[in-house]
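Report on the following structure.
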Amino acid sequence: MHIEPFGVEIWMNEWETKCALNLAETCVESLTIAQLLALAGKNDVDLSELLPMKMTYGAIEGSTRLRTAICALYERQKLENVVVTHGTIGANMLVHKTLVSAGDCVVAVVPTYQQHYSIPASIGADVHQLKLHEDNGFLPDLNALRALVTPDTKLIAINNPNNPTGALMSRAMLEEIADIAREADAYILCDEVYRGTDQEGGGMTASIADIYEKGISTASMSKAFALAGLRLGWIAGPQEVLEAVAIHRDYDTISVGMIDDHFAALALEHADKVLARSQQITRGNLAVLESWVDSQPLITWVKPKSGTTALLKYDLPMSSRELCVDLLKETGVMFTPGSALNMEGYLRIGYANTPEILEEGLKRVGAYFAKVA
């Protein structure tokens, strides 16, 4: 089976250990175990809970405790609607492998996480890309979506909040997309890994799994919950989909680690506190980034509404890869080139690191742009 090289992951693997300041990172600044325990009102004495834990495979679908905590993130999902996976990357892979066959029609928004068009293409699906444009705030054109979706469409893949743009589809827009899918009897897969980081209100985006009867939500502990090291995600959706997913999951997952399950459950049982920390970081840092962008004559953008990333459009006569490599060599600051996302002419910045790293990184990059302008 041929599959396209994963542009973003190849870039990250090549450079993230060689930079001084990582502004390509897409996770909210990671929690330590000590910080997680403190947020949960516990301390290192409570680690003794792990001592009698027998290192078996554990609950195959994820513990009841964990899946109950995941259900609390949704309006309508029950235990039978949730299965635990190895990160959102594992969740997305399982959904695509389960639902998509050679010859099926798939519609995917782009830019997005590359899984959502490269995996179905590798299976032999007929993939139609719905391109998001800056002049529409990087939100999907629903008339264009209607034109792409036919009675033969099996799956619509969307990403909300969007990576890399930070665009946020409202509940009303999601309901319209659900109406379009319903007419074709198509599934909707919504990668919701950044859910919980909205810049306004309570911070929690509506989920497609709660809106549409054939809606499937994937998410994880990695981005909004700042616990990427757990490598733990989930699928929430129709029970018949999860029963089909389970057949594929038996071949590549069996179960997640019991320690991962334990700490994920602890974090989600205190999701309000974990997300409050994440929102404090993302909201404060976005204000810093906005001020910096306003001061840069070579940079324009569409300000994100959610998530941890933004696309910066630059006005320089060089490719995005050339620019990012030069920035790394001259300043030690790492961005992601737009070319890794099929968005040449842009840089992706991850702005959810510690404020000190963001501020110092932007200072160095600002000096670089002033020199080359």
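The values are calculated or read from the model by the stated rules, or taken from the named source; none is laboratory data. Please read these numbers as outputs of a predicted model, since none were measured by experiment. Here Cβ is always computed from backbone atoms with ideal geometry, including for glycine, and neighbour counts include all displayed protein chains. Side chains included, ligands, DNA and RNA excluded: accessible areas come from the protein's heavy atoms. Shrake-Rupley method; radii C 1.70, N 1.55, O 1.52, S 1.80 Å.
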**Q.** Criterion: modelled with pLDDT of 95 or more, aliphatic (A, V, I, L, M) and in contact with a helix residue (DSSP H, G or I) (Cβ under 6 Å, 6 or more places away or on another chain) - qualifying residue of I177, I188
**A.** I188
Q: Kindly list, by first and then second residue, each pair from a residue in region 233-244 that is within 15 Å of C71 (Cα to Cα) and touching a residue at least 24 places away in the same chain (Cβ under 8 Å) to a residue that is among the acidic types (D, E) and assigned to a helix (DSSP H, G or I), limited to pairs with Cβ atoms under 6 Å and residues at least 6 apart or on different chains.
A: Q239/E80
Q: Show the residue pairs that are 6+ apart or on different chains and have beta-carbon atoms under 7 Å apart, the first residue being within region 253-265 and outside any loop (DSSP other than H, G, I, E, B), the second being charged (D, E, K, R).
A: D260/R231; A265/R65
Q. Inside region 288-306, can you point out the residues that are part of a loop (DSSP other than H, G, I, E, B) and within 23 Å of G201 (Cβ to Cβ)?
A. V302, K303, P304, K305, S306
Q: Please specify each residue of region 348-373 satisfying the condition of being within 23 Å of the chain's Cα centre (by Cα), of a type in the set (A, V, I, L, M) and not in a helix (DSSP H, G or I).
A: I349, A352
Q: List every residue pair whose Cβ atoms lie under 8 Å apart, where the two residues are 6 or more positions apart in sequence or sit on different chains, the first residue falls within region 354-373 and is under 13 Å from F335 (Cβ atoms), and the second residue, located anywhere, is aliphatic (A, V, I, L, M) and surrounded by fewer than 16 Cβ atoms within 10 Å (Cβ to Cβ).
A: L358/V288; L362/V288; F369/L298
Q | Residue list for region 15-40, restricted to those being open to solvent by 50 Å² or more (accessible area, probe 1.4 Å) and modelled with pLDDT of 95 or more | A | A20, E25, E29, S30, T32, I33, A34, Q35, A38
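Matching residues to (1) within 13 Å of the chain's Cα centre (by Cα); (2) at pLDDT 95 or above; (3) open to solvent by 30 Å² or more (accessible area, probe 1.4 Å); (4) within 20 Å of E175 (Cβ to Cβ):
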| site | (1), (2), (3), (4) |
| --- | --- |
| A209 | no, yes, no, yes |
| G215 | no, yes, no, yes |
| F225 | yes, yes, no, no |
| A228 | yes, yes, no, no |
| I235 | no, yes, no, no |
| E240 | no, yes, yes, no |
| E243 | no, yes, yes, no |
| I247 | no, yes, yes, no |
| D250 | no, yes, yes, no |
Q) Among the residues of region 17-31, which ones are touching a residue at least 12 places away in the same chain (Cβ under 8 Å) and in a loop (DSSP other than H, G, I, E, B)? A) K18, C19, A20, L23, A24, E25, T26, C27, V28, E29, S30, L31
Q: Filter the strands (runs of 3 or more DSSP E) completely within region 87-169 down to those with at least 1 residues that are buried (at least 23 other Cβ atoms within 10 Å of the Cβ).
A: 105-110, 153-159
